[in-house]
Amino acid sequence: MRPAVYIPNYNGSERIGRALRSLREQSREVDVVVVDNGSTDASLTLLRDEFPEVTVLALGRNLGFGPALNRAAAEHPADPLILLNDDAEAEPRFVEALLDAAAEGVHAAAGVMLQERSPGLIDSAGVVADRTLMGFDYLHGEPVAAAAGAPDPLGPTGGAALYDRAAFEAVGGFDERIFLYYEDLDLALRMRAAGARCRLAPEARALHAYSASLGAGSGAKFARTGWSRGYMLRRYGVMSRPRDAARVLATEGAISAGQLLMDRTAKGLRGRLRGWHQSAGVARIELDRSALLDISAREALALRRRRRG
């Protein structure tokens, strides 16, 4: 099978054109599949009129990030699977650099997303997590040159990723209970537990408009990230370890209080509680704890503040 780039889209008519034009300029030929989550804007018209070479899977409703990509990969199979956000613009060697990184024994490759407002700085070079599974964008805020020679992350960010199809399918792909946010971290954890390894691809770069869909500090985003956080805490048994449970209560309490005071919303807290309750009965997953960051709660919160900043 040929490789393909999969782009999930929801009401992205004002941004997806840039992503698709950048894929036309790639140094390696690649198929492109756009999976549309029930857009109500001009997305489908734009795709039909301006990008006839693109395969479009129109779902008719919003299934969420991971579920949409699972369906696209199943209905339009490729190997490997390459993911790109609809708010990202890939450099000409993006695809080639990801393919070069995916050598024998590598099951995933992490691209490097650059900050749209400061293109010399990294937005995300993959995902990493501390022992409570608080997730962070790898190398966020570092200069682009820092990616060269940097250690590999736990896994790729879902906005700039390559997955070996067999490894992706072996763990069931994205968890379809997670609608949006942290689905890439969850997938990275499950792939790592199954023995898969990720490699950083420093030259696979794409310019990224951070949180263009929901807004970086919106209540809607806090609700989604909160749900995913609560769900993962229970599914991975983090709260069963007293030391980690105490840290979770302190850090998540601080984050929720900050959202309440600064953003005037409790949606993040309510999302965490819903995610926790709705994960009841879901099979627990054992962690490969060697893959997690050994950092303090203070360091973890500092990384969170840096992301918000």
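Contact map, segment 1-27: residues that are more than 15 Å from LEU98 (Cα to Cα) and modelled with pLDDT of 95 or more paired with residues that are of a type in the set (Phe, Trp, Tyr) and part of a helix (DSSP H, G or I), Cβ distance under 7 Å, separation 6+ or inter-chain. Pairs shown: PRO8/PHE65. Among residues of segment 267-309 being hydroxyl-bearing (Ser, Thr, Tyr) and out of contact with any Phe, Trp or Tyr (no Cβ under 6 Å at 6 or more places or on another chain), the one that is farthest from ALA223 (Cα to Cα) is SER290.
In the set ALA146, ALA110, only one residue is surrounded by 15 or more Cβ atoms within 10 Å (Cβ to Cβ), out of contact with any helix residue (DSSP H, G or I) (no Cβ under 6 Å at 6 or more places or on another chain) and under 18 Å from ARG197 (Cβ atoms); that residue is ALA110.
In summary, strands (runs of 3 or more DSSP E) completely within segment 73-169 and bearing 2 or more residues that are closer than 23 Å to GLU25 by Cβ and touching a strand residue (DSSP E or B) at 6+ places or on another chain (Cβ under 8 Å) occur at 81-84, 88-90, 108-115, 122-124, 160-163. Scanning segment 36-53 for residues that are of a type outside the set (S, T, N, Q) and assigned to a helix (DSSP H, G or I), we see that the one that is surrounded by the fewest Cβ atoms within 10 Å (Cβ to Cβ) is ASP49. Within segment 242-255, none of the residues are on the phi > 0 side of the Ramachandran plot and without any contact (Cβ under 8 Å) to a residue 40 or more places away in the chain. Here LEU99 fits the description: under 20 Å from the mean Cα position of the chain (by Cα) and surrounded by fewer than 22 Cβ atoms within 10 Å (Cβ to Cβ). Cβ separations smaller than 6 Å between residues 6+ apart or across chains give the following pairs from segment 157-171 residues that are within 13 Å of LEU99 (Cα to Cα) to residues that are part of a helix (DSSP H, G or I) and not β-branched (Val, Ile, Thr): LEU162/LEU98. Is there a residue being more than 21 Å from ILE285 (Cα to Cα), part of a helix (DSSP H, G or I) and under 24 Å from the mean Cα position of the chain (by Cα) anywhere in segment 227-237? No.
The values are calculated or read from the model by the stated rules, or taken from the named source; none is laboratory data. Since the structure is predicted, the reported quantities are computational estimates derived from the model, not experimental observations. Backbone-built Cβ (ideal geometry, glycine too); neighbour counts: all protein chains shown.
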